[in-house]
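Asker: Please read through the structure below; I'll follow up with questions.
Nothing in this text is a laboratory measurement; each read-out follows from the coordinates by a stated rule. Quick caveat: nothing in here was measured; it's all calculated off a predicted structure. Glycine also receives a Cβ, built like all others from the backbone with ideal geometry; neighbour counts cover every protein chain displayed.
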Amino acid sequence: MPDRTILVKLWVVSLLWGGNYVASAYMLRDFSPIFLSFARLVVMSLFLISVAIINGSIRKPTIREWGLLLMAGITGTLINQLFYFTGLQGSTAGNAALIIALSPIATTLLSRLFLKEIITGQKLAGAIVALIGVVCIVVFGGKQLGISHCDVYLLAAMLGMSVSLLFIRKLTAAMTSYEVTIYSTVIGTILMSPAVAVEALNGNLHASHQVLTWLLLVCVAVIGQGLAGFWWNQGIAAAGASMSAMFMNIPPFIAIIVGHFVLGDPILLAQLGGGALILFGVAITNMRRRPRGPEAGLGVKGA
């Protein structure tokens with residue numbers, strides 16, 4: 001049984017990641033989506049760089065690793081964040097959290113497609129159940145019946161994250177997840193700059209004039225993303241991948257409940273039913289009969 005402190009940290013990470021969706025939706029009332037994404041990434045990058053300088057333990061990647069880091073930054077930071085905030089602007093925090101929760105399933109299917117990994121009947125069954133859950137949310141969980149283009153954007157954000165995990169899996173064979181996170185986040189932040197420029201040139205860029213909103217942005221980037229990511233990695237190392245994975249089922253429902261009371265988002269039956277199917281599908285996919293060796297780490301981070 002892992003130390004109680006580790007379990008507390010995993011609970012806190014779950015609460016923070018669930019709250020991140022609500023905080024992001026709240027800030028979109030005062031920020032344009034691309035600028036909000038860029039501002040949060042800049043703060044997070046500065047935090048990660050500061051940690052790297054203090055620790056002095058980050059190494060320079062090889063040429064091949066730079067290529068993989070570039071792809072991880074494009075898919076996991078640039079594409080993921082652009083579509084996430086654009087989609088969240090017209091959807092709900094609950095829908096965003098539930099759709100992003102499909103990422104482990106999507107990664108499994110993409111691993112079969114591109115890495116030729118074997119998918120067992122158990123994993124396939126879990127994927128089908130989870131996909132049915134997403135269909136319920138996308139079709140019946142919006143403000144009106146039908147497929148919302150914003151939920152489609154959220155699906156694109158989820159796919160970006162899932163593809164990035166394939167590159168991260170290759171990178172962590174020689175680099176630490178800590179190093180990969182720093183490099184890929186900074187690269188993605190730099191690549192986001194042209195998108196912000198385009199938003200400004202089109203006259204669509206706007207930012208909050210409230211100090212408290214900017215403070216919330218900094219807290220989400222530093223605590224909700226940066227610090228929570230470090231605690232998540234500690235939890236995986238101490239508690240193991242299987243136990244840590246159970247805590248990933250918590251953020252979507254935190255987002256639904258907090259979003260209801262803070263943002264006034266309705267709690268829909270389609271969200272609850274679809275969310276239950278997604279999380280059940282993820283649980284089936286990750287279920288292990290008898291682990292024969294050390295557990296592998298999970299490369300998952302909150303949006």
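Asker: Using the Kirkwood formula over every pair of different C-alpha atoms, what hydrodynamic radius in Å results for the chain? All intermediate terms of the calculation are to be shown ahead of the outcome.
Answerer: Working: mean 1/r = 0.0513 Å⁻¹.
Evaluated on the chain, it is 19.5 Å.
Asker: From the square roots a ≥ b ≥ c of the eigenvalues of the alpha-carbon gyration tensor of the range 73-160, which class results: rounded (a/c under 1.5), prolate (a/b over b/c), or oblate?
Answerer: Oblate, because a/c is 1.5 or more while a/b does not exceed b/c.
Asker: When Ser184, Ser208 are ordered from fewest to most other Cβ atoms inside 10 Å of their Cβ, what list results? It would help to have the intermediate numbers written out before the result.
Answerer: Values: Ser184 25, Ser208 17.
In increasing order of surrounding Cβ atoms, one gets Ser208, Ser184.
Asker: Between Leu155, Leu263, Leu201, where does the largest GNM mean-square fluctuation fall for the chain, given springs only between Cα atoms within less than 10 Å?
Answerer: Leu201
Asker: So what is Rg over Rh here for the range 39-107, counting just Cα atoms and using Kirkwood for Rh?
Answerer: Here the Rg-to-Rh quotient is 1.06.
Asker: In straight Cα distance, which aspartates and glutamates are under 17 Å from Lys60, not counting same-chain residues fewer than 8 positions off?
Answerer: Correct list for Lys60: Glu179.
Asker: Among Pro251, Pro194, Pro61, determine the one that fluctuates most according to a GNM of the chain built with springs between C-alpha atoms less than 10 Å apart.
Answerer: So, out of Pro251, Pro194, Pro61, the one fluctuating most is Pro194.
Asker: For the range 166-261, what does the equivalent ellipsoid look like in terms of its semi-axes, each the square root of 5 times an eigenvalue of the Cα gyration tensor, given largest first in whole Å? Don't jump to the answer; show the numbers that get you there.
Answerer: Numbers: eigenvalues 174, 98, 31 Å².
Listed largest to smallest, the semi-axes of the range 166-261 are 30, 22, 12 Å.
Asker: So what is the calculated 222 nm ellipticity per residue for the chain, using -39500 (n - 2.57) for each DSSP H run with n of 4 or more, over all residues, to the nearest 500 deg cm²/dmol?
Answerer: Rounded to the nearest 500, the figure is -23000 deg cm²/dmol.
Asker: Ranked by Cβ crowding within 10 angstrom, fewest neighbours first, how are Tyr178, Tyr21, Tyr153 ordered?
Answerer: Tyr178, Tyr153, Tyr21
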